[in-house]
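Heads up, the thing below is written out as structure tokens.
The values are calculated or read from the model by the stated rules, or taken from the named source; none is laboratory data. These figures come from a predicted structure and were not determined experimentally. Note: ideal-geometry Cβ built from the backbone for every residue, glycine included; neighbour counts use all protein chains shown.
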């Protein structure tokens, strides 16, 4: 069996393209005999490259099949491409890279000598249940169902002779990857971007830091620091400064009819798993004050439409922004048809739009220029939104889905802020019987 260093030389002496030479920290990993490893490695230091090679080498040495789980289908395909590269460099004969019969048919499989299979799949708890072989959990902090995957896989591996590698870049402290770093069964390693450079990695660290703009994200992504608030778009401290115990979350329509009031509305749309949240704000003293919110859970769209029309029929409502992504398109189109484009703006949640919405709300929160009810579910909902970096280097915003929703209150409030920024008025109302339409001037 070739050693990692022999594999490098062998590939270079052949007529084929050599694999990337292993740096000392990668070589140590591939040669590590530990049954369970936990690796907290920086981005761009060859983490997936080294671990995929480790699993090919260990699989051939032990005659055991390998399961490689990634956070997404795209990442799974990239990881399996590295497996093929290793096999070519090691002169391991393989069949054609084939679609695997795994979950949803979205996996890839390579069959090696002695019947050893290397299977790459996007993470799913059902994928790993009952698997007999060794497992690599790639970027485990990014897996949505990390605890379910762990519950499915570890008892099986522990009872058998399986090996388990868990590797990732940090993503705060509220995930299983962080907790496993204190698990006594694992041999642990940490490789920061600075460690990798000392071992010979050629990369412009200062250029990376400048490109990141955000120092906390750099510390997390490249210095391997577990910063709980680094991923939270809004910290608890920031949110608490915006809380006003005198404000009620209850949306009392009678209180919203006062003369001179100018209201803005944001609507984040859900149906079965998520809430539909209607958030109402009023400009006051240079900022925005929450006048109430309405939460609709599991309600048919026809009934949701009725609630929204009742609110938009108030003469004090100047502008409304409605989530028009996916399920929200129906509600948004209905509201525009009834109240016109001057009052209702459909908003599609593209990455660029979400960045603008989240950024604008954060500006107000940092200046304590938006007042909200002092409610734990609102506070936790706003704090649940995390800023992360995609494998392609794009910053994105995401939140875990739980029984309390999917950051629905955060996005409804962000839409209300957008509506307030674009308010028009004063209003002149013409009754048409069942519906109400409006002519507007500049507010």
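Some observations on this one:
- The range 161-200, subset buried (at least 20 other Cβ atoms within 10 Å of the Cβ) and assigned to a loop (DSSP other than H, G, I, E, B), residue farthest from the chain's Cα centre (by Cα): 162
- Scanning the range 350-372 for residues that are crowded, with 18+ Cβ neighbours inside 10 Å and in contact with a strand residue (DSSP E or B) (Cβ under 7 Å, 6 or more places away or on another chain) yields a count of 6.
- Check on residue 375, closer than 27 Å to residue 241 by Cα, surrounded by fewer than 17 Cβ atoms within 10 Å (Cβ to Cβ) and at pLDDT 95 or above: no
- Residue within the range 290-301 that is assigned to a helix (DSSP H, G or I), surrounded by 21 or more Cβ atoms within 10 Å (Cβ to Cβ) and either at pLDDT below 90 or not assigned by TED's automatic domain parsing to the domain that holds residue 241 (or both) present: no
- Scoring residue 216 on the criteria (1) under 29 Å from residue 394 (Cβ atoms); (2) touching a residue at least 24 places away in the same chain (Cβ under 8 Å); (3) touching a helix residue (DSSP H, G or I) at 6+ places or on another chain (Cβ under 6 Å) leaves a single failure, condition (2).
- Complete set of residues in the range 158-183 that are touching a helix residue (DSSP H, G or I) at 6+ places or on another chain (Cβ under 9 Å) and closer than 15 Å to residue 67 by Cβ: 161, 162, 163, 164, 165, 166, 167
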